[in-house]
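Notes follow once the structure below has been shown.
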Amino acid sequence: MPLYAALIYSEEGGEASPEEWSKVMAEYNEFSAKAGAAGVVEGGEALEETSTATTVHVKGGKGGEVVHTDGPFAETKEALGGFYLLRCADLDEALGWAAQIPGAWRGRVEVRPCVDFSQAQ
Amino acid sequence: MTIGETIRIEGGRVLATLIRFTGDISLAEDALQEATIVALERWTTDGVPANPVAWLTAVARNKALDRIRREARRREKEIEADYGRGFEIEEDDSLRLIFTCAHPALSMEARVGLTLRLIGGLKTSEIAGLFLLPEPTIGQRISRAKKKIALARIPYRVPSPHELPDRLAGVLAVIYLIFTTGHHAFEGALDSRFDLSAEAIRLGRLLVGLMPDEPEAQGLLALMLATNARHRARLDERGDIVLLSDQDRSLWDLKAIREASLLIERALRRRRAGPYQIQGAIACLHGQARSDAETDWRQISDLYRFLESFNDGPVIRVNRAVAESKVFGPAAGLELLEGITGVDGWHLYWSTRADFLRQLGRESEAAAAYRSALAINMNDADRRFLERRLASLSLA
């Protein structure tokens, strides 16, 4: 069965009130419990804000100069805030689960198939 | 029917089964292509077989297996295990293909391209010609869509009953978009892409045959037939627009209007009304009127009101305003146009508004509205019509 990454994007910033925060957590716990029980979740993490990100680039090819930049690679309004790895039969099933991730209504969820190296030639 | 036509028309069904069998759209297309070459040779000398679909499918299946073996992507044993089991043409294969081509995970452009290519059996060059786009653009769109279907595993199945209403609406939208693109060209000559309408009607017929219990599929086919029935009367010999009220009704295709009316009657009896059935019913009412004066505008405006309960977009509001103006006068029509938003870039909104103002004798406001309409991109026939209307105002 193919593996899908559900990438959760949302607007950053703005301090959430404790009530709001616990509401978000409750929604995520609900999703995790449901998807976990169905056996589709193979992994996933929540990420700290992009202000904590460091971008690494090796200039001039392998072995070249390492350049660090403070911040994310792409500065966009909506930032990657976390992801799940979902093992599903097909895209319809993956999209069905993605629609139940709280990030889908608090932001957006991008669903992408992971490369299956066992099928690659 | 020529052998070539038989193959084009039956090819979609063969392809649908081959895709299920191989799980690979490109491989299935190549296998069908090879089988077509054999068929053209064989059928020219021996005649078309009694069951061309079964014949083509069997030959194409063997071509596909040959290719899988030749490319040695799998060992012979695995090929046996994967493809050795019973291989039959399933009734649902064509529907599976239709729902995959119209899958919501694909862009509308990709859905239209895939549908015309895989179900309509058109070549990439033909699709490019119909849309007046370069062949590589269409080719890229289709190959990108096929790649996404394969890698993201867009499933090859008929949606389950609870998903069906939404997904069927998606399929109908693709077919209707193909129809309207052909029927009312966005720019250039109004009739420049008329073949697309014929193609859409063919797809509509196919869908009605495959889903005889879906009244919206019947509604869409009726809408397309009844609209298309008037097409010979809508332009004069100079290619200028003739308004519905001024059309020579003897040029209308009464057989198509009758077929559409029967479809609508049958669909409405199921008591599951929907937007395509209502629009089809409106088109039939226009088609059945023997003169403009005999048009049942009251029922038409009621139907537009009903349609607004499904979709309260500006297009329906403008159409309803036209119908109500015929019953209650231009002031009532104009009032319905007040407060519509998001229509500034739509020339038919401005021309409708201009027409109401003209009828009310508010000529300077009418002229301003015609000028707003003419500032927008449109096909040549619409433009000439609006220019004539503007020139006919006494102050212009």
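The values are calculated or read from the model by the stated rules, or taken from the named source; none is laboratory data. Being a predicted model, the structure only gives us computed values, none of them experimental. As a convention, Cβ positions derive from the backbone with ideal geometry for all residues, glycine included, and neighbour counts pool all protein chains shown.
Pairs meeting the criteria (first residue in region A:75-99 and among the β-branched types (Val, Ile, Thr), second residue in a strand (DSSP E or B), beta carbons under 9 Å, at least 6 apart or on different chains) are A:Thr76/A:Tyr9. Against the numbered list (1) farther than 19 Å from B:Thr115 by Cβ; (2) at pLDDT below 90; (3) of a type in the set (Lys, Arg), B:Arg8 comes up short only at (1).
Residue-wise test of (1) touching a helix residue (DSSP H, G or I) at 6+ places or on another chain (Cβ under 9 Å); (2) more than 26 Å from B:Ala150 (Cα to Cα); (3) among the charged types (D, E, K, R).
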{"residue": "A:Glu20", "(1), (2), (3)": "no, yes, yes"}
{"residue": "A:Phe31", "(1), (2), (3)": "yes, yes, no"}
{"residue": "A:Ala35", "(1), (2), (3)": "yes, no, no"}
{"residue": "A:Val67", "(1), (2), (3)": "no, yes, no"}
{"residue": "A:Asp92", "(1), (2), (3)": "no, no, yes"}
{"residue": "A:Trp105", "(1), (2), (3)": "yes, yes, no"}
{"residue": "A:Val111", "(1), (2), (3)": "yes, no, no"}
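Could you tell me whether B:Glu90 is outside any helix (DSSP H, G or I) and at pLDDT below 90?
Details: outside any helix (DSSP H, G or I): yes; at pLDDT below 90: yes.
It is true that B:Glu90 is outside any helix (DSSP H, G or I) and at pLDDT below 90.
Scanning region B:252-295 for residues that are free of Cβ contacts under 8 Å to residues at least 40 places away in the same chain and of a type in the set (Asp, Glu) yields B:Asp253, B:Glu259, B:Glu265, B:Glu294.
Please list, ordered by residue number, the strands (runs of 3 or more DSSP E) wholly in region A:17-73 having 3 or more residues that are under 17 Å from A:Gly103 (Cβ atoms). It would help to see each step written out before you state the result.
On the way: elements: A:41-46, A:54-59, A:65-70.
Answer list for region A:17-73: A:41-46.
Of everything listed in (1) without any contact (Cβ under 8 Å) to a residue 60 or more places away in the chain; (2) of a type in the set (A, V, I, L, M); (3) outside any helix (DSSP H, G or I), the single unmet condition for B:Ala110 is (3).
Entry remark, region B:216-239: residues being aliphatic (A, V, I, L, M), touching a residue at least 40 places away in the same chain (Cβ under 8 Å) and closer than 18 Å to B:Arg384 by Cα number 1 in total. When every residue of region A:94-116 is checked against the conditions, none turns out to be more than 14 Å from every other protein chain (Cβ to nearest Cβ), charged (D, E, K, R) and more than 30 Å from B:Ala102 (Cβ to Cβ).
In this entry, B:Arg290 passes the filter for residues that are outside any helix (DSSP H, G or I), over 25 Å from the mean Cα position of the chain (by Cα), at negative phi and of a type outside the set (Val, Ile, Thr).
Of all residues in region B:111-130, exactly one satisfies the criterion of being under 17 Å from the mean Cα position of the chain (by Cα), of a type outside the set (D, E, K, R) and either within 14 Å of another protein chain (Cβ to nearest Cβ) or surrounded by fewer than 18 Cβ atoms within 10 Å (Cβ to Cβ) (or both), namely B:Gly129. Scanning for something surrounded by 17 or more Cβ atoms within 10 Å (Cβ to Cβ), within 14 Å of chain B (Cβ to nearest Cβ) and closer than 30 Å to B:Ala102 by Cα, does region A:60-83 turn up at least one residue? No, every residue in region A:60-83 fails to be surrounded by 17 or more Cβ atoms within 10 Å (Cβ to Cβ), within 14 Å of chain B (Cβ to nearest Cβ) and closer than 30 Å to B:Ala102 by Cα.
Please specify each residue of region B:306-339 satisfying the condition of being farther than 21 Å from B:Ala281 by Cα and modelled with pLDDT of 90 or more. First the steps, then the outcome.
We begin by selecting, within region B:306-339, every residue farther than 21 Å from B:Ala281 by Cα; these are B:328-339.
Those that are farther than 21 Å from B:Ala281 by Cα and modelled with pLDDT of 90 or more: B:Phe328, B:Gly329, B:Pro330, B:Ala331, B:Ala332, B:Gly333, B:Leu334, B:Glu335, B:Leu336, B:Leu337, B:Glu338.
Residues of region B:86-123 that are closer than 22 Å to B:Thr22 by Cα and among the β-branched types (Val, Ile, Thr): B:Ile89, B:Ile98, B:Thr100, B:Thr115, B:Ile119. Of all residues in region B:142-178, those satisfying the criterion of being within 12 Å of B:Thr115 (Cβ to Cβ) and more than 14 Å from chain A (Cβ to nearest Cβ) are B:Ile142, B:Val171, B:Leu172, B:Ala173, B:Val174, B:Ile175, B:Tyr176, B:Leu177, B:Ile178. Here A:Leu86 fits the description: under 26 Å from A:Glu11 (Cβ atoms), assigned to a strand (DSSP E or B), of a type outside the set (Gly, Ala, Ser) and within 14 Å of chain B (Cβ to nearest Cβ).
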